[in-house]
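To start, the structure under review is shown below, and the notes come after it.
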Amino acid sequence: MKLTFKALVFSSVLCWIGCSTGETSDSQSAEALEEGVTFYGEVIETKGGLNGPALRKALMISDGRTEVRFEGEIAATCPKKGCWMDVVSEKDTVFVRFLDYGFFVPTEGVEGKRTIVEGEAFFDTLSVADQQHYAQDAGWTEEEIAEIREPELRLAFMATGVMIED
């Protein structure tokens, strides 16, 4: 019985040590990397992001899915959790989510700021239920939500890393 208890304690200590990676938060201050920006998720390159029309062209060439860096201005973020954002570039608005909900962006105060996102761009058909869910998260009224009656084809992005200018 004592041997089993010791084995349990030893296993618990090993698990605790193994799970302590030293990583801190979802966002990483970029002061040491680049002044005036904050990274969420992976730290990414901040040069060479495509604009809206170039992103559409890249998607047409790649049959609708491609790994890219995209840049634009944040129009909105999820006010509940920061689990999505709309990024505007020229005439295009891209719906950005974060890979495996592995990180989040601020829920307020970043609207109008320049951002670069890196990951996979694609065309996505959002179901009525998904659109209503995102609209509810964004604080739309019940009447506005009820007006959503058809699926919507959107430019979408699954980001592995995000940079937002401070």
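Things worth noting here:
- Any hit, region 121-129, residues being under 30 Å from E35 (Cα atoms) and not polar (S, T, N, Q): yes
- Take the conditions (1) modelled with pLDDT of 95 or more; (2) at negative phi; G109 misses just one of them, which is (2).
To keep it simple, each residue is scored yes or no on (1) free of Cβ contacts under 8 Å to residues at least 40 places away in the same chain; (2) buried (at least 17 other Cβ atoms within 10 Å of the Cβ).
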| site | (1), (2) |
| --- | --- |
| V37 | no, yes |
| P53 | yes, no |
| A58 | no, no |
| R65 | no, no |
| V68 | no, yes |
| P79 | no, no |
| D86 | yes, yes |
| S89 | yes, yes |
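- Residue in region 48-61 that is under 20 Å from R154 (Cα atoms) and in a strand (DSSP E or B) present: yes
Okay, residues lined up against (1) touching a residue at least 24 places away in the same chain (Cβ under 8 Å); (2) in a strand (DSSP E or B); (3) exposed (fewer than 12 other Cβ atoms within 10 Å of the Cβ):
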position	(1), (2), (3)
F103	yes, no, no
G112	yes, no, yes
V117	yes, yes, no
F123	yes, yes, no
Q131	no, no, no
W140	no, no, no
E150	no, no, yes
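The values are calculated or read from the model by the stated rules, or taken from the named source; none is laboratory data. Nothing here was measured: the structure is a model prediction, and the numbers come from that model. Every residue, glycine as well, gets a Cβ built from its backbone with ideal geometry; the counts of neighbours run over all protein chains shown.
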